[in-house]
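Undergrad: Structure provided below as structure tokens; questions to follow.
What follows draws every value from the coordinates through simple rules; no lab data is involved. It should be emphasised that the depicted structure is a prediction, and the values quoted were computed from it without experimental measurement. Please note: Cβ atoms are built from the backbone with ideal geometry, for glycine as well, and neighbour counts cover all protein chains shown.
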Amino acid sequence: MSAKLVALLKSAKTGDIKAFEQIVRILERRVYMTAYAIIPDPDEAMDIVQETFVKLYNHLKRIRSEAGFKCFVFKMATNCAIDRKRRLKRKKISLSEDETVPASVEIELSRRNESPDKDVERRELLKIVQAVVDELPPRQKLCLILADLDGLSKKEIAKTLGCPQGTVRSNLHIARLKLRRALKDFR
Amino acid sequence: MPKAYPDFEETAERYLDGELTPDEKKRFLGRARKDEELSRMLKEMKLAKDSMRIYEDVLPGAAKFNSARKRILSAVS
């Protein structure tokens, strides 16, 4: 973890709100993407960002190891997202196929300065990736998101999930294989 | 799984995750580049790993993050 984040965490633990704000600024986009991978809805993902950081603030003093801070935040974000998804399912709010890439995301995607062909290609890629991620069992999904989206090492993921590195390796391998198969005809 | 290189996929994942030593990397790439099937598999594996970056496309604009941050800070202070 960067020295900057360690210093900010130490200050935030003493109640320094400015330091906490900097932590939010550094991690908010990664947390959003993590949340979005689990619930592909921009409003829900942003709510998860808020929930994660409010929870994080309330847990700050209980964080003993600064080294595992980033892992702790991503684990918290994934747990918030999974809990929310469960609640949504209970409410029987199902995300229709059209909502897999909601209108607001379409707008974001179309803002990119790319040719229309590239734009269509990226939307197609997002749909494929989203469909695979959605179908993965929880542990494979977490391993894939934490490794290839949040950039955690296998050792960090093992620590985050409380399982052996071998379990992370095999889950990650299976998840990537499913993604690879789904992308085989892409491009 | 390639018969001539049974642990190819495992090594390829370690390569893509940046876990190989410079020597291992050199040996691995040397073998992978010589074989058409291995090269193709490596490309597919890299695409799968890189495809997760597509989520960067769904990031909302700075204004949405600014409002969310304000709400977070007002909730904790």
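Undergrad: Over all pairs of distinct alpha carbons, what does the Kirkwood formula give as the hydrodynamic radius of the protein assembly as shown, in Å?
TA: This gives a value of 19.8 Å.
Undergrad: Working out 0.36 nm times the residue gap between A:ASP185 and A:ILE63, then minus their Cα-Cα distance, what length gain in nm do you get to one decimal?
TA: Extra length available between A:ASP185 and A:ILE63 comes to 39.4 nm.
Undergrad: Run the reach check for A:LYS18 against lysines, Cα to Cα strictly under 27 Å, same-chain hits fewer than 8 apart removed. What comes back?
TA: Counting by Cα, and skipping residues close in sequence, A:LYS18 has these lysines nearby: A:LYS4, A:LYS10, A:LYS55, A:LYS61, A:LYS70, A:LYS75, B:LYS64, B:LYS70.
Undergrad: To the nearest whole number, what is the average tally of beta carbon atoms from other chains within 10 Å of the beta carbons of peptide B:62-73?
TA: Numbers: counts 1, 0, 7, 7, 2, 2, 8, 7, 1, 6, 12, 8.
Mean shielding by partner chains, rounded to a whole number: 5.
Undergrad: What value, in deg cm²/dmol to 500, does the helix sum -39500 (n - 2.57) over DSSP H runs of n ≥ 4 give at 222 nm once divided by the residues of chain A?
TA: Details: 9 runs with 135 residues, N = 187.
Calculated at 222 nm, the ellipticity per residue is -23500 deg cm²/dmol.
Undergrad: Also: Averaged across the residues of A:171-177, what count of C-beta atoms belonging to other chains lies within 10 Å of each residue's C-beta?
TA: 3
Undergrad: Give, rounded to the nearest 20 debye, the magnitude of the charge dipole that the protein assembly as shown has about its Cα centre when Lys and Arg contribute +1 at Cβ and Asp and Glu contribute -1 at Cβ. Provide the component values of the computation, followed by the final result.
TA: Working: 56 positive and 41 negative charges, 213 e Å.
The dipole of the protein assembly as shown has a size of about 1020 debye.
Undergrad: Moving to a separate point now. Stokes-Einstein diffusion coefficient for chain B at 4 °C in a medium of 1.567 mPa s, Rh from the Kirkwood formula over Cα pairs: what value in µm²/s? Walk me through the intermediate numbers first.
TA: Details: Rh = 15.5 Å.
My calculation gives 84 µm²/s for D.
Undergrad: Report the trypsin sites (Lys or Arg not before Pro) located in the stretch A:17-82 that are in a DSSP loop and have at most 12 other Cβ atoms inside 10 Å of their Cβ, or state none.
TA: A:ARG64
Undergrad: Let me ask you something else. Take the alpha carbon atoms of the stretch A:29-49, find their center, do the same for chain B, and report the distance between the two centers in whole angstrom.
TA: Taking the Cα centre of each part, the stretch A:29-49 and chain B sit 20 Å apart.
Undergrad: Which order do peptides A:135-141, B:41-47, B:22-28 fall in by mean Cβ count within 10 Å, highest first? Display every interim value, and only then the final one.
TA: Values: A:135-141: 15.4, B:41-47: 17.3, B:22-28: 12.3.
Per-residue Cβ counts within 10 Å, averaged per peptide and sorted highest first, yield B:41-47, A:135-141, B:22-28.
Undergrad: Tell me, A:CYS143, A:CYS163, A:CYS80 in order of fewest to most beta-carbon neighbours within 10 Å? Numbers along the way, then the final one.
TA: Details: A:CYS143 28, A:CYS163 14, A:CYS80 25.
Sorted ascending by nearby Cβ count, the order is A:CYS163, A:CYS80, A:CYS143.
Undergrad: If the cut-off is 16 Å between C-alpha atoms, which lysines fall inside it for B:LYS46, apart from same-chain ones fewer than 8 positions away?
TA: Partners found: A:LYS178, A:LYS184, B:LYS25.
Undergrad: For chain A, find the longest principal axis of its Cα atoms and tell me its angle to the long axis of helix A:165-183, 0 to 90°, nearest 10.
TA: The angle comes out at about 30 degrees.
Undergrad: Convert each backbone phi in the stretch B:57-72 into a coupling constant with the Karplus relation 6.51 cos²θ - 1.76 cosθ + 1.60 (shift: θ = phi - 60°), then list the ³J(HN,Hα) values in order as whole Hz, x for Gly and Pro.
TA: 5, 8, 5, x, x, 4, 4, 5, 5, 4, 5, 4, 4, 4, 5, 4
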